[in-house]
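A short write-up of the structure that comes next.
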Amino acid sequence: MVSLRTRLRLLSILGLLGGIAHLLLADRLLAAAQWGYARVLAVDFEPRPNATRRVRLVGVLFLGGSALVQYLARRMGET
C-alpha cells in the first residue's frame, strides 16, 4: 500500500506540472478547450479578452497549492 506521504508527493508533482503547463501553454490550452467544445459538445467556445491571463493565474494557484502539498508531505516525514 502506498503511504499518504508518497501520495502527497505525487500530487505535488502533478500540481507542479499542471501549473507550469498553465503558465507556459495558456494559449494552447485555450485552443484545446475551443477544439474540445466544438467536437464533443458541438457548441462555440469564444474565450474572453483576458482568458489567457486567467489561465496563467490558475497556473500560479496550481504552483502555490503544489508547494503547500509538498510542505505537508515533508512535515509528515518529520513525525
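Which length gain, in nm to one decimal place, applies between M76 and R28 when the Cα-Cα distance is subtracted from 0.36 nm times their residue separation?
Gain on extension, M76 to R28, equals 13.6 nm.
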In degrees, nearest ten, helix 51-78 long axis to first principal axis of the chain (Cα): 10
Identified option (computed Rg and Dmax of the Cα atoms in Å; candidates (i) 16.2, 60; (ii) 18.1, 60; (iii) 16.4, 52): (iii)
Whole-Hz couplings from phi, Karplus 6.51/-1.76/1.60, listed for region 42-49; x for Gly and Pro: 6, 10, 7, 10, 10, x, 6, x
GNM flexibility winner over the chain from L16, L25, L41 (Cα, springs under 10 Å): L41
Gaussian network model of the chain, Cα within-10 Å springs - most flexible of A31, A42, A51: A42
Between 0 and 90°, nearest 10: helix 26-36 axis offset from the chain longest Cα axis: 60
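All of the numbers you see were taken from the coordinates with simple rules; none came from a lab. If you're wondering where the values come from, they're calculated on a predicted model, not measured in any experiment.
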